[in-house]
Structures are given as structure tokens and as C-alpha cells.
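Undergrad: If you scroll down you'll find the structure; I have some questions about it.
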Amino acid sequence: MHNPKSKIQNLKFETLAVHAGVEPDPATGAVMTPIYQTSTYAQADVGRHQGYDYSRTDNPTRTALQTAMAALEGGRHALAFSSGMAAIDTLLRLVRPGDHVICGNDVYGGTFRLFDKVLGHYGLAFSYVDTSNLAAVQAALRPNTKLVWLETPTNPMLRLTDIAAVAAVAHQAGAWLGVDNTFASPALQRPLELGADFVIHSTTKYIGGHSDVVGGVIILNDTSIYETLKFLQNAIGAVPGPVDCFLTLRGIKTLALRMEAHCRNATQVAQFLADHPAVAEVIYPGLDSHPQHELARRQMKGPGGMVSFLLHAGEAAAWVVARETQLFTLAESLGGVESLIELPAPMTHASVADSPLAVDAGLVRLSVGIENVQDLIADLAQALKAAGGAG
Ligand SMILES: *Cc1c(COP(=O)(O)O)cnc(C)c1O
């Protein structure tokens, strides 16, 4: 992709986050990528244009976002979509009727819904396995397995998968590996470098980072598959508008700083919860007690901003905590600068109740923001106190 800053080799992540994809606008010198709010482009002659003919096919603001995302994931190509689900749906068009897909058994509820309730009706077969168990992935492989799909860390159980190990097993069987990197972000984990064929993001979360835009992206290295996906992006048309691309690009500039703050705050919140007498279990890859703490240290630059926990007093107490926090807003989604709290079972994971992905009804999930951590801990302390009588 076009990159006049390529005279400096091996730019580091923080620098790429600020500069990748962003060049002074050739028409005006505007330092920030303009919002090209246009559906079409004047042609100099019949069929002769400057690389842009219609905004479903290409738009300069989207091009900048795609270039930035490819750089951040260390990939050759990126394609942006109107949502994370649109990115996943478009990618799955590479899989044909009669093909088989192995999917993690603790993936985003909307991904399970798309696979199970939509794509299952189009002749695709899905197996749901614990991808953190390499033998389980191996056992699920079939001659027609085309794709292995996983998230690491998972949502909401924060289970990890060894990406390099699963990539090797998938490739040996002639299957692709796709990794949903939404929870880690490329600031903490770069799956393409570990052997994955595709990375997808819901840019709605950490990439955008401010809870003000919905979007998705696919990043990959293979140029011929990229051409196919680019054809599909235009043919299907689930593309983001230029304002959404601009907002996402603006978020990206502070991704490195934000992820440092998310990791630092979440580590302290997890430790506070682990020491609290009302808390039965804390799930956080940064704690020694996490069963895959070693893999987290090896595969990720930091343990992330998501923390899940269970209370001794169970589900009723969890409802009280979720109602009583004041800085932690009771809401779905994650990855924004502000802290959120939710109960996955009745909220984000309601669509997977009675499925292999069902979660404990009393589980509480935190998206720890970048506020002052003492304030966050004080908020949780008062909510846990309020829950003291419940259960
Ligand atoms: C939110 C999310 C998605 C779906 O993305 P949307 O932008 O909401 O369509 C996919 N995967 C993960 C891990 C998510 O958190």
C-alpha cells in the first residue's frame, strides 16, 4: 500500500498508530484525513478516474483506515466493514456449501448466532470446540475443514488459545486460521505474526476506543485472497461510511496509550477483587491464578482490560453489584475509555443460552476503562458492600 513514510524502516507500534495511513491531503495539505463525504467521483474521461469511482467500492477516508489497520496488525492488506459482524460474514463467504468450520466454544455470542442461525442454513457445517485444547482441535478436523475460527482471550471466560500451535495444526490439515483479535487489539497481540491467515476486529471496541462508532475490519497477507475479499466487500456492500472511518482513525492514534492504561487499571482492579472476601473467583490473564498465565505472558504484551468474576453469594448478588456501580456503567459492549459492567448470561450472551456457549448466570464482566484506578476500586467496593446482604 502507498506509504511515503517508508524511508524510515521498522516503525514501532506507537508511531504507526499515529502515522499509518495518514498523509497530508494532496488537494489542500490538510494534516488530518478529510471526511470524503461523497458517493461518487468526477471522471476525466469515460472510465478514466483517480482510483475512486463509487464509494461502495472505494473511498479515500476508508482507504486511510484500511492502510492504518494493515500496518498495526503487520499485515499486507486490510478491508473495513460497517460492523464486526459484517466483516465476519464477508470473510465466511470464502467457505462454500459442503465445507466444515471449527469454531471456538466461547466466542462472541453474535458470531455463534451468525454461524448457527444463519450460515448453518447455507450448507456450512460448524463444530464448536475448546480451541485452548490443541488435541480437541486436532480431533475435530475433517477432510473438508476449511477454516478454524477462534478468539483469544475469549469473551467472557478470558480463556487463551496458543495461536501458533493451532495455526500449525490447521495448516497441516489444509485449513485457514482466522483469529478475532478484538479483545487484545494489535497493541497486545499480532496473530498474523504467529501464523494466522486472517485477523478480524470489531473496531467498535478497543480500536475505535470511545464507544461512538460501530465498525469491523479484516486484515490478511495473501494477495489473491485479498482480491477475492475486496470483490466480496464491494459485491455485498457492508461498508462503513466516511464519518465512521474518520472516527475510527481518530481512535487509533491513541490505541497504544489507551491499551497501556487499560492493562494497568485492569491489573489493579483484578487484584482488588481477588483480595475481596465477597468474591469467589476472578478471571484475568494477568493474575498468577489464571490457568494460562504463562501463555498470556508469552503471547500477549499485556493482559488486557477485561476482567470477569463470580461472587460467593451468586447470581442475586451479581445483579445488585451491576445495578449499584456508578462509574462502571451498566451496558453491553467494551473497549471504550469509560468503564462498563455487565452480566453476560442475561445480556451479551442471552443469544447463547441453552447452547454450548452458555455462561454461569452469576458471572460479572468488567470492561475496565482509563479513569483513575482508585476511583474505580472505590466504586466496586461500595457496590460489593451493597450486595453484601443479597444472595
Ligand atoms: C463486538 C464483537 C464482535 C461483533 O462486532 P460488532 O462491531 O458489534 O458487529 C465480534 N467479536 C467480538 C469479540 C466482539 O466483542
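The values are calculated or read from the model by the stated rules, or taken from the named source; none is laboratory data. Everything quoted here is computed from the prediction, not taken from an experiment. No Cβ is skipped: glycine too gets one built from the backbone with ideal geometry, and neighbour counts run over all protein chains shown. Calculation scope for accessible area: heavy atoms of the full protein, side chains included, ligands and nucleic acids excluded. Shrake-Rupley method; radii C 1.70, N 1.55, O 1.52, S 1.80 Å.
Undergrad: At a Förster radius of 30 Å, what calculated FRET efficiency corresponds to the Cβ-Cβ distance of Phe126 and Ala42, to the nearest 0.05?
TA: 0.05
Undergrad: Also, quick follow-up: Given N residues in the stretch 118-193, what is its alpha carbon radius of gyration divided by 2.2 N^0.38 Å?
TA: The reported ratio for this selection is 1.11.
Undergrad: Need one word for the stretch 189-274: rounded, prolate or oblate. Basis is the Cα gyration tensor (sqrt eigenvalues a ≥ b ≥ c); a/c below 1.5 gives rounded, then a/b vs b/c decides.
TA: oblate
Undergrad: Return the Rg/Rh value of the chain, two decimal places, where both radii are evaluated on C-alpha atoms and Rh is the Kirkwood radius.
TA: 0.98
Undergrad: Angle, helix 255-274 long axis vs. longest principal axis of the chain, Cα atoms, 0 to 90°, nearest 10?
TA: Once rounded, one gets 10 degrees.
Undergrad: Do you know the Lys pair count in the chain for C-alpha distances under 26 Å, with sequence separation 8 or more or different chains?
TA: 16
Undergrad: Rg/Rh for the stretch 65-198: what does it come to with C-alpha atoms and Rh from Kirkwood?
TA: That ratio equals 0.93.
Undergrad: Okay, moving on. When only the heavy atoms of the protein chains count and the probe is 1.4 Å, how do Trp176, Trp319 rank by accessible area, highest first?
TA: Trp319, Trp176
Undergrad: Next question, about the same structure. Starting from the Cα of His210, step 7 Å toward the Cβ, then list every residue of the stretch 242-278 with an amide N under 14 Å from that point.
TA: In the stretch 242-278, the label zone of His210 (backbone N under 14 Å from the point 7 Å along Cα→Cβ) covers 243-255, 258.
Undergrad: Please state the charge dipole magnitude for the chain, taken about the Cα centre, from unit charges on C-beta atoms (+1 on K and R, -1 on D and E), reported in debye and rounded to the nearest 20.
TA: Dipole size: approximately 780 debye.
Undergrad: Between Val307, Thr161, Leu192, whose Cα lies farthest towards the positive end of the dipole of the chain when Lys and Arg beta carbons carry +1 and Asp and Glu beta carbons carry -1, centred on the Cα centre?
TA: Leu192
Undergrad: How large is the helix-only mean residue ellipticity at 222 nm for the chain, computed as the sum of -39500 (n - 2.57) over DSSP H runs with n ≥ 4, divided by its residue count, in deg cm²/dmol to the nearest 500?
TA: Result for the chain, helices only: -10000 deg cm²/dmol.
Undergrad: Another question, then. Largest first, how would Val95, Val18, Val46 line up by accessible area (1.4 Å probe)?
TA: Val46, Val18, Val95
Undergrad: Still on this structure, please answer the following. Quick one: Cα centre-to-centre distance for the stretch 49-67 and the stretch 266-317, in angstrom?
TA: So the separation of the two Cα centres works out to 42 Å.
Undergrad: For His19, what accessible area in Å² do you get when you roll a 1.4 Å probe over the heavy atoms of the protein chains, rounding to the nearest 10?
TA: Only protein atoms counted, so the area is about 80 Å².
Undergrad: Using a 1.4 angstrom probe on heavy atoms only, work out the carbon and sulfur share of the accessible area of the chain in %.
TA: Whole-percent figure for carbon plus sulfur exposure: 54.
Undergrad: Roughly what % of DSSP beta bridges within the stretch 256-386 run antiparallel, to the nearest 5?
TA: Counting only bridges with both partners in the stretch 256-386, antiparallel ones make up about 85 percent.
Undergrad: Could you tell me what percent of the DSSP beta bridges with both partners in the stretch 13-252 are antiparallel, to the nearest 5?
TA: 40
Undergrad: Enumerate the amide H contacts of Ala280 below 5 Å, restricted to partners 5 or more residues apart or on another chain; note that Pro and chain-start residues carry no placed amide H.
TA: Those lying under 5 Å, H to H, from Ala280 are Leu310, Leu311, His312.
Undergrad: Need the full-extension length gain, Ala350 to Val337, defined as separation in residues times 0.36 nm minus the C-alpha distance. One decimal, nm.
TA: Contour length minus the Cα-Cα distance gives 2.2 nm.
Undergrad: Round to the nearest 10 and report in Å² the accessible area of Ser289, as given by a 1.4 Å probe over the protein chains' heavy atoms.
TA: 90
Undergrad: Something else: For a quick check of understanding: with a 1.4 angstrom probe and all protein chains in place, what accessible area in square angstrom does Asp375 have, to the nearest ten?
TA: Answer for Asp375: close to 90 Å² accessible.
Undergrad: Expressed as an acute angle from 0 to 90° and rounded to the nearest 10, what is the orientation of the C-alpha long axis of helix 314-324 relative to the principal long axis of the chain?
TA: Value to nearest ten degrees: 60.
Undergrad: Something else: What share of Cα pairs, in percent, lie more than 23 angstrom apart in the stretch 256-386?
TA: 28
Undergrad: Could you provide, to the nearest whole Å², the per residue accessible area of the chain with probe 1.4 Å?
TA: Each residue of the chain exposes 42 Å² on average to a 1.4 Å probe.
Undergrad: With θ set to phi - 60° and the Karplus curve 6.51 cos²θ - 1.76 cosθ + 1.60, what are the ³J(HN,Hα) couplings of the stretch 339-347 in order, to the nearest whole Hz, using x for Gly and Pro?
TA: These are the phi-based 3J(HN,Hα) values: 6, 10, 10, 7, 10, x, 4, x, 10 Hz.
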